[in-house]
Structures are given as C-alpha cells and as structure tokens.
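Notes follow the structure.
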Amino acid sequence: MPGLETGAAPLSIERLRGGSVNDSWCVETSAGRFVLRLDGAEWRRPGVDRARERVLHAAAARGGLAPGLIAHSAAEGALVSVYVDGHDWNEEQFRAPAQLERLGERLGRLHALPVPDGLAEFDPQSCARDYLRRLAPGIGALAGAAAVVDRVGEAAAQVASTSARTCIIHGDLAPGNLREGTQLWLLDWEYAQMAHPDYDVACVLAYHPLARAQQARLLAAAGLKGSADALGAAIYVYEALTWLWRLARGEAALPPGVAR
C-alpha cells in the first residue's frame with residue numbers, strides 16, 4: 001500500500017460499511033487514502049471471478065469511470081484501490097430523471113471502452129446453473145429453481161438475438177456501488193462481465209423498479225435504442241439471477257416476476 005512500503009504505520013484505518021460480501025477498510029497513509037478489500041467467505045460471493053474482475057475494473061479505471069487499482073494478492077484475497085471521496089446513491093436518486101440521465105451517460109462511456117482480449121462472454125444460464133448447484137438440498141426443487149434456470153436460458157437467447165455488440169458491463173448497479181464525488185464513480189466490479197449493453201440498463205430496472213418510469217431517458221442517455229422484448233428478457237435474467245444468488249447464500253428472496 002502506498003506510504004506503508006517501509007513498514008510505517010497507517011495514519012488511520014476505518015471500516016467501510018454497506019457491503020454484504022467482503023470486508024473493506026479505508027486506510028490513510030502519508031501517500032493518501034486507499035481502500036483495502038479482503039475477500040468474504042466463498043459462500044458469500046457466489047459467481048465471483050477475481051481475475052475477470054481485475055481486468056474489467058482496470059479497463060474502467062483507465063477510462064476514468066472507476067477508482068484506480070493499486071495492488072492485489074490472490075493468495076491473501078486482498079485488493080488495494082484508490083479511495084474516492086463522496087457519498088453513495090440512495091433509492092430516491094434512481095427515480096430522478098436527471099440522475100438517471102447522468103448514470104446513462106456513464107454507462108454509455110463504459111460500453112464504448114475498448115474490449116479486453118481473452119474474456120469469455122457472459123453466460124447467464126451457466127451462472128444460474130452454478131447458483132442452483134450451491135442450493136441446500138431440497139431448496140431448489142421446493143422453489144422451482146430448475147424451471148427458472150431454463151427460463152433464464154430462453155431469456156438470454158432473446159437478448160443475444162439483438163444486434164448490439166458485446167462490451168464491458170458493470171453488472172451490479174446497487175446504490176452502494178455508485179459514488180457521487182468529483183464525478184459519478186462506478187465502484188465494486190466483482191460482477192462485471194463482457195455482455196450485451198442492455199444488461200446494465202436491465203440491472204438498474206430490476207434492482208430499482210421505481211426507475212422504470214424513466215427507462216426511456218436512461219436508454220437514450222446510454223445511447224441504446226432498447227428493444228422492449230429484449231430489455232424485458234434482460235430484466236428477467238437479472239431478477240432470476242438475483243433470486244438464485246440470494247438462495248445460494250441462504251437468504252429469503254422474491255422470485256423473478258413478483259411485483260416489487
């Protein structure tokens with residue numbers, strides 16, 4: 001960590017609240033402020049691929065959309081990045097037209113970044129199957145999870161049938177991952193993917209149903225035309241994956257398609 005290379009003690013350490021997956025700390029040194037993230041237990045982060053995360057986070061940081069990466073250790077399950085001042089979004093901002101337009105502009109910039117080589121495209125059904133394998137015995141059958149996995153495959157095929165190119169998507173646009181500071185920063189890239197750009201808009205609309213009244217503004221700001229059928233299918237994918245992700249963590253959750 002910058003400023004601690006010679007064994008100096010940090011000036012301060014403060015635990016960061018809000019995450020349910022990892023343990024994160026703001027560490028201040030003589031060189032500035034940084035975030036130290038320590039991996040949570042494997043069951044708390046189903047579907048995470050740290051190598052993919054680092055590649056896509058680094059690409060977003062080069063594009064000025066994410067805090068810079070400093071260092072990582074796969075063996076220690078640790079990552080160090082630049083701390084950015086500001087405050088996290090709340091649910092009210094996901095219903096404000098001007099804020100959604102700003103978010104759409106950031107997503108448009110993200111989707112226009114150069115695509116890194118060597119990464120597989122997002123496969124929602126494979127992801128859903130992985131979550132299904134993690135469910136406690138009997139839970140999947142009781143909840144009808146296998147049928148949801150099949151529907152995810154159908155919905156993903158519908159999204160893939162449109163002509164948009166594959167790009168970097170953030171994939172987890174929860175309030176705590178959007179930081180208002182010197183600009184609107186996109187944080188926490190562990191569920192980032194190479195995928196159809198509609199998936200980022202679908203993520204917002206699946207996580208934050210109040211934003212659906214402004215979806216035309218969000219699509220326009222992101223530079224997307226948005227087939228209604230394909231966008232609806234992408235929303236279903238996110239609702240289903242969120243449901244399965246929570247079940248895999250042993251949590252209660254609303255099944256896909258239930259009014260929120």
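The values are calculated or read from the model by the stated rules, or taken from the named source; none is laboratory data. Everything numeric in this text was worked out from a predicted model, so none of it was measured. Positions of Cβ are generated from backbone atoms using ideal geometry, with glycine treated the same way; all protein chains shown enter the neighbour counts. Heads up: the accessible areas ignore ligands, DNA and RNA and are worked out on the full protein's heavy atoms, side chains in. Shrake-Rupley method; radii C 1.70, N 1.55, O 1.52, S 1.80 Å.
Being under 11 Å from Y83 (Cβ atoms) and in contact (Cβ under 8 Å) with a residue 24 or more places away in the chain is a property that does not hold for R45. Within region 216-240, being within 14 Å of G104 (Cβ to Cβ) and either in contact with a His (Cβ under 6 Å, 6 or more places away or on another chain) or open to solvent by 60 Å² or more (accessible area, probe 1.4 Å) (or both) holds for A216, R217, A220, G223, K225. The residue of region 219-247 that is farthest from G144 (Cα to Cα), among those that are part of a helix (DSSP H, G or I) and touching a Leu at 6+ places or on another chain (Cβ under 6 Å), is I235. Whether a residue is farther than 21 Å from R179 by Cα, of a type in the set (D, E, K, R), open to solvent by less than 60 Å² (accessible area, probe 1.4 Å) and out of contact with any Phe, Trp or Tyr (no Cβ under 6 Å at 6 or more places or on another chain) was assessed, and D123 does not pass this test.
Where in region 137-193 are there strands (runs of 3 or more DSSP E), lying fully within it, with 1 or more residues that are closer than 20 Å to Y207 by Cβ and aromatic (F, W, Y)?
Numbers: elements: 167-169, 178-180, 184-186.
In region 137-193, 184-186 are the strands (runs of 3 or more DSSP E) which contain 1 or more residues that are closer than 20 Å to Y207 by Cβ and aromatic (F, W, Y).
Taking the condition β-branched (V, I, T), free of Cβ contacts under 8 Å to residues at least 60 places away in the same chain and open to solvent by 60 Å² or more (accessible area, probe 1.4 Å), does I13 pass? Considered against the rule, which asks whether it is β-branched (V, I, T), free of Cβ contacts under 8 Å to residues at least 60 places away in the same chain and open to solvent by 60 Å² or more (accessible area, probe 1.4 Å), I13 comes out as yes. Scanning region 1-10 for residues that are open to solvent by 60 Å² or more (accessible area, probe 1.4 Å) and either at pLDDT 95 or above or in contact with an Asp or Glu (Cβ under 6 Å, 6 or more places away or on another chain) (or both) returns a single hit, A9. Confirm whether R54 is charged (D, E, K, R), outside any strand (DSSP E or B) and either at pLDDT 95 or above or touching a helix residue (DSSP H, G or I) at 6+ places or on another chain (Cβ under 8 Å) (or both). Judged against the criteria, R54 is a match. Contact map, region 133-156: residues that are touching a residue at least 60 places away in the same chain (Cβ under 8 Å) paired with residues that are of a type in the set (V, I, T) and open to solvent by less than 30 Å² (accessible area, probe 1.4 Å), Cβ distance under 7 Å, separation 6+ or inter-chain. Pairs shown: V152/V237; A155/V237; A156/V237.
May I ask you to verify whether G140 is at positive phi and buried (at least 20 other Cβ atoms within 10 Å of the Cβ)? When the stated conditions are applied, G140 does not pass them. Specify the residue that is farthest from the chain's Cα centre (by Cα); the eligible residues are those in region 151-189 that are open to solvent by less than 10 Å² (accessible area, probe 1.4 Å) and closer than 21 Å to F94 by Cβ. The residue in question is L184. So, in region 63-84, how many residues would count as being modelled with pLDDT of 95 or more and part of a loop (DSSP other than H, G, I, E, B)? Of the residues in region 63-84, 8 are modelled with pLDDT of 95 or more and part of a loop (DSSP other than H, G, I, E, B).
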